[in-house]
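These notes are about the structure you will find just below.
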Amino acid sequence: MTKSALRATLLAATLLAGGAHAAEEPAPVATVRAAPLARQAVSVTVGGYGTLTPDSDALVNVSFQRAGQVARVLVRPGQPVAKGAPLVDLATDPTAAAGYAKARSALTFATGELERARALRDQHLATNSQVAAAEQAERDARSALEAEQHLGTDHTTETLAAPFDGYVDSIPVALGDRIQPGAPVVRLGRGAGVRVVAGVDPAEVATVKVGQPVTVTPLVGAGTALTGTVAGIAGMLNPATRWVDVTVILQAGGGALPGTPARIAIITDRHDGYVVPRQAVLTDEDGAYLFQLAGAKARRVSVETGVEGPAGTEVSGDKLDPKLPVIILGNYGLEDGGAVKVEAAR
């Protein structure tokens with residue numbers, strides 16, 4: 001090759017190389033947002049749906065202690081009542097009123113007989129034994145009258161009052177009914193006497209145990225979360241729902257009304273773990289992964305996901321570095337080792 005040809009070849013190579021370098025563009029820098037990787041408490045829960053119902057152990061029948069006729073019904077089923085609130089008015093049964101009148105007459109007669117016996121004794125016309133018998137008869141008559149007064153037969157009407165704070169579960173009587181002593185008039189439920197019977201997936205029920213804490217969220221009304229405890233687990237599938245019924249007893253102060261549908265979350269385990277926002281975790285054919293911020297570079301880390309909760313997704317993995325922040329926004333399209341800059345705090 002001649003010198004001129006060699007110079008031409010070198011010149012051409014130099015021009016081509018220069019053109020290639022000129023065509024190269026600077027590597028793009030992605031703007032991201034990052035957050036520290038920190039451990040926090042993680043609750044493992046099993047969910048289900050059910051309905052708030054009265055707890056049969058907390059239902060109390062309230063009744064009158066005498067016979068009578070229902071004059072007024074002052075409450076309705078489902079109504080909350082405070083201790084001392086009037087429930088039902090009872091008109092005294094004529095037979096019961098006659099019993100009181102008879103007892104009062106018997107006491108009047110016994111008192112008169114006692115006075116007469118004492119007067120005769122003072123005249124030496126009656127013995128001490130006769131006076132003692134008259135005194136006993138007077139005491140018996142007085143006790144009988146007090147018993148009638150205790151039953152309320154001395155009143156034309158009587159009002160049945162709530163013995164505790166609670167709600168009206170049912171009213172087994174109606175206006176005008178004649179009732180016997182001790183017959184149930186109103187059935188009250190105590191304020192905390194509510195439970196939930198909820199269906200749980202048979203595949204998850206094996207981790208549910210009696211005594212585990214439960215969060216109950218009513219699906220009607222304010223939806224304030226309540227607390228309870230697992231009280232029972234059915235040993236068979238519910239034939240209607242094909243799920244397993246789990247009974248949860250609510251703690252005192254819940255204030256929930258029976259009949260309300262609710263969602264339950266049974267806490268079956270608690271532990272510490274790394275939790276990141278859901279958008280920080282990505283997936284591809286290799287599985288789940290996230291990016292951590294290593295200097296000005298994005299570092300891809302394969303992870304395994306765990307519990308999903310309000311705070312985010314639990315993640316774990318041998319390559320996770322707790323010292324490096326996690327990229328939580330701007331991670332779509334990043335590559336391992338890609339240049340990034342952190343968005344300024346706003």
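The values are calculated or read from the model by the stated rules, or taken from the named source; none is laboratory data. Given the structure is predicted, the values throughout are model-derived calculations rather than measurements. Neighbour counts run over all protein chains shown; Cβ positions are idealised from the backbone, glycine included. Surface areas here come from the heavy atoms of the whole protein model, side chains and all, with no ligands, DNA or RNA. Shrake-Rupley method; radii C 1.70, N 1.55, O 1.52, S 1.80 Å.
For the range 311-322, the Karplus equation 6.51 cos²θ - 1.76 cosθ + 1.60, evaluated at θ = phi - 60°, returns couplings of 7, x, 10, 6, 10, 8, x, 5, 8, 5, 10, x Hz by residue, with Gly and Pro reported as x.
Computed in the context of the full set of protein chains, the accessible area of the chain at 1.4 Å probe radius has 55% of its extent on carbon or sulfur.
Using θ = phi - 60° in the Karplus curve 6.51 cos²θ - 1.76 cosθ + 1.60, the 3J(HN,Hα) couplings for the range 301-307 round to 9, 6, 9, 10, 8, x, 6 Hz; x is entered for Gly and Pro. At the listed q of 0.13, 0.17 Å⁻¹, the Debye profile of the range 66-168, built from one uniform point per Cα, gives log10 I(q)/I(0) equal to -0.62, -0.80.
If Lys and Arg each add +1 and Asp and Glu each add -1, what is the summed charge of the other residues whose beta carbon sits under 12 Å from the beta carbon of V42?
Charge balance near V42 sits at -2.
Full extension of the chain between T127 and R76 yields a length gain of 12.1 nm, computed as 0.36 nm times the residue separation minus the alpha carbon distance. Here's how it looks for D165: its modeled amide H is under 5 Å from those of K83, which are all 5 or more places away or on a different chain.
Spin-label model, T108 to Q65: label points 7 Å out along the Cα-to-beta-carbon direction sit 2.6 nm apart. Going by a ≥ b ≥ c, the root eigenvalues of the Cα gyration tensor, does the range 31-122 fall in the rounded group (a/c under 1.5), the prolate group (a/b larger than b/c) or the oblate group? It is prolate, given that a/c is not under 1.5 and a/b is the larger ratio. So the label point goes 7 Å from the Cα of T156 along Cα→C-beta, right? Which residues of the range 45-74 then have their backbone N under 20 Å from it? Answer for the range 45-74: 66-74. Phi angles of the range 233-241 translate, via the Karplus equation with coefficients 6.51, -1.76, 1.60 and θ = phi - 60°, into HN-Hα couplings of 10, 5, x, 8, 6, 5, x, 7, 9 Hz per residue; Gly and Pro are given as x. In this label model, S43 and E285 are separated by 4.1 nm, measuring between points 7 Å along each Cα→Cβ vector. Determine the relative contact order of the range 272-339: mean sequence separation of Cα pairs under 8 Å and six or more apart, normalised by residue count, in whole percent. Relative contact order here is 38 percent. Computed over the chain, the per-residue total of -39500 (n - 2.57) for DSSP H runs of n ≥ 4 gives a 222 nm mean residue ellipticity of -7500 deg cm²/dmol, rounded to 500.
Can you tell me the mean projection area, over all orientations, of the convex hull of the chain's alpha carbons? Units nm², please.
Result: 36.1 nm².
In the context of the full set of protein chains, the chain has a per residue accessible area of 58 Å² (1.4 Å probe). State, to one decimal in nm, how far the label point of A35 lies from the label point of Q180, with both points 7 Å from Cα in the Cβ direction. Here the modelled spin labels are 6.8 nm apart. Partner aspartates and glutamates whose Cα lies under 14 Å from the Cα of K319, excluding those fewer than 8 positions away in the same chain, are identified as E304, D336.
Extension gain, E335 to E146, is 58.7 nm, computed as 0.36 nm per intervening residue step minus the present C-alpha separation.
Once C-alpha pairs closer than 8 Å and six or more residues apart are averaged by separation and normalised to the residue number of the range 94-151, the relative contact order reads 47 percent. Across the chain, C-alpha contacts under 8 Å between residues 6 or more apart give a mean separation that, scaled by the residue count, equals a relative contact order of 26 percent. The eigenvalues of the Cα gyration tensor, multiplied by 5 and square-rooted, give the range 94-151 an equivalent ellipsoid with semi-axes of 28, 10, 6 Å from largest to smallest. Trypsin sites (Lys or Arg not before Pro) within the range 267-342: which are DSSP loop residues with at most 10 other Cβ atoms inside 10 Å? Answer by residue number: K323.
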